Amino acid sequence: MASSPAAPLAVVTGGNAGIGLAIADRLGALGHRLLLVARDGARLEAAARDLSDRHGVVVDTRACDLSDAAATEALAAEIAALAPAVLVNNAGFGDYGPFADLPPPSGAGMIATNVAALTRLTSAVLPSMRTRASGRVLNVASTAAFAPLPLAAVYGASKAYVLSFSLALAEELAGSGVTVTALCPGPTPTGFAARAGMTRTELFRGAPSTSAEEVAARGVAAMLAGKGMVVVGGANRLLAFATRFAPRALAARATHRAMRERLR
Ligand SMILES: NC(=O)c1ccc[n+]([C@@H]2O[C@H](COP(=O)([O-])OP(=O)(O)OC[C@H]3O[C@@H](n4cnc5c(N)ncnc54)[C@H](OP(=O)(O)O)[C@@H]3O)[C@@H](O)[C@H]2O)c1
């Protein structure tokens with residue numbers, strides 16, 4: 001049975017692959033209408049067909065490059081008018097290498113997507129959510145938010161922003177009926193590491209990973225419970241706890257080691 005037009009709408013950026021697709025899958029199973037946003041239109045259509053077939057919900061798509069400020073602005077206006085019940089800011093990417101060696105303007109697209117678009121889309125949905133005294137925002141950060149990340153310096157800083165921004169909003173909105181949750185996964189087997197050039201790092205070769213489905217399950221559960229933050233995986237929770245007490249320079253040295261390439 002197809003979801004009615006009155007079913008609550010969830011907007012999921014990066015909803016055509018990886019963690020975003022797994023989150024969209026869970027929200028579809030809960031009966032949400034879905035609007036999936038990403039660049040690759042063919043993959044968006046394939047994801048929409050699959051989710052709609054399996055969950056019987058209405059799934060719309062928008063092909064949009066969130067690193068493009070004008071495209072993001074147009075999407076923000078559209079989403080503001082749709083007044084969704086749920087916004088999942090998941091789209092994001094990383095890169096790899098010493099910052100000084102990366103070709104300028106390295107990092108600009110990452111800041112535009114991981115930081116600026118996430119901020120703009122959040123500002124687009126909060127007014128209607130506050131008026132209704134109901135709404136959920138789930139922002140996908142990372143365990144990279146907890147310590148500086150040499151060899152992915154801009155990526156780590158972008159995720160530190162997502163965590164700080166989300167926790168600040170969660171506090172500002174306490175008691176309003178609107179909640180903001182930061183989801184902090186560790187290494188997760190998706191297309192992310194290959195796209196970022198990180199597959200040979202100690203981090204992605206050595207660390208235990210959690211599936212995208214498990215990350216999505218934990219994230220959606222935390223969002224529905226109105227939690228400010230969720231760190232996925234026992235080892236990652238320990239890491240998040242330990243970095244609160246380690247001198248920052250020491251933490252940067254440890255993450256630098258984890259980000260080096262394993263040669264065999
Ligand atoms: N995988 C991990 O180890 C890991 C760990 C911690 C946090 N995260 C975070 O989890 C989120 C999802 O990543 P993932 O692991 O699922 O990676 P993924 O499989 O590479 O998926 C990334 C998603 O973001 C979309 N996207 C990327 N750049 C975009 C842009 N400029 N405009 C619009 N959409 C864009 C991609 O779609 P198109 O390419 O079609 O645009 C895709 O749907 C990211 O924010 C990432 O930083 C991942």
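The values are calculated or read from the model by the stated rules, or taken from the named source; none is laboratory data. Since the structure is predicted, the reported quantities are computational estimates derived from the model, not experimental observations. Neighbour counts are summed over all protein chains in view; Cβ atoms, including those assigned to glycine, are modelled from backbone coordinates with ideal geometry.
Assorted remarks:
- Being more than 13 Å from the ligand (Cβ to nearest atom) and over 20 Å from Val215 (Cα atoms) is a property that does not hold for Leu75.
- Scanning the range 40-59 for residues that are outside any loop (DSSP other than H, G, I, E, B) and near the ligand (Cβ under 10 Å from one of its atoms) yields Gly41, Ala42, Arg43, Leu44, Ala47.
- All conditions in (1) touching a Ser or Thr at 6+ places or on another chain (Cβ under 8 Å); (2) within 18 Å of Gly28 (Cβ to Cβ); (3) within 16 Å of the ligand (Cβ to nearest atom) hold for Arg62, with the sole exception of (1).
- Answer residue from the range 138-159, given it is of a type in the set (Gly, Ala, Ser) and part of a helix (DSSP H, G or I) and is nearest to the ligand (Cβ to nearest atom) among those: Ala144
- Among the numbered conditions (1) under 21 Å from Val215 (Cα atoms); (2) touching a residue at least 24 places away in the same chain (Cβ under 8 Å), the only one that Ala160 does not meet is (2).
- Scanning the range 78-120 for residues being over 21 Å from Ala133 (Cα atoms) and outside any helix (DSSP H, G or I) gives a total of 15.
- When each of Ala194, Ala207, Ala225 is tested for being more than 10 Å from the ligand (Cβ to nearest atom) and free of Cβ contacts under 8 Å to residues at least 60 places away in the same chain, the lone residue that passes is Ala225.
- For the range 8-27, filtering for residues that are more than 8 Å from the ligand (Cβ to nearest atom), farther than 11 Å from Ala212 by Cα and buried (at least 24 other Cβ atoms within 10 Å of the Cβ) leaves 5.
- Summed over the range 160-189, residues that are assigned to a loop (DSSP other than H, G, I, E, B) and either buried (at least 20 other Cβ atoms within 10 Å of the Cβ) or aromatic (Phe, Trp, Tyr) (or both) total 4.
- Applying the set (1) touching a residue at least 60 places away in the same chain (Cβ under 8 Å); (2) within 11 Å of the ligand (Cβ to nearest atom); (3) among the β-branched types (Val, Ile, Thr) to Val37 leaves exactly one unmet item: (1).
- Those residues of the range 78-104 which are farther than 30 Å from Gly226 by Cβ and either within 14 Å of the ligand (Cβ to nearest atom) or in contact with a helix residue (DSSP H, G or I) (Cβ under 6 Å, 6 or more places away or on another chain) (or both), in sequence order: Asp95, Tyr96, Phe99
- Only one of the numbered conditions (1) among the polar types (S, T, N, Q); (2) assigned to a helix (DSSP H, G or I); (3) at pLDDT below 95 is violated by Thr72, and that is (3).
- Among the candidates Gly135, Gly107, residue that is within 14 Å of the ligand (Cβ to nearest atom) and more than 14 Å from the chain's Cα centre (by Cα): Gly107
- Hits in the range 37-68 - residues which are more than 17 Å from Phe93 (Cβ to Cβ) and either in contact with a Phe, Trp or Tyr (Cβ under 8 Å, 6 or more places away or on another chain) or among the aliphatic types (A, V, I, L, M) (or both): Ala42, Ala46, Ala47, Ala48, Leu51, Val57, Val58, Val59
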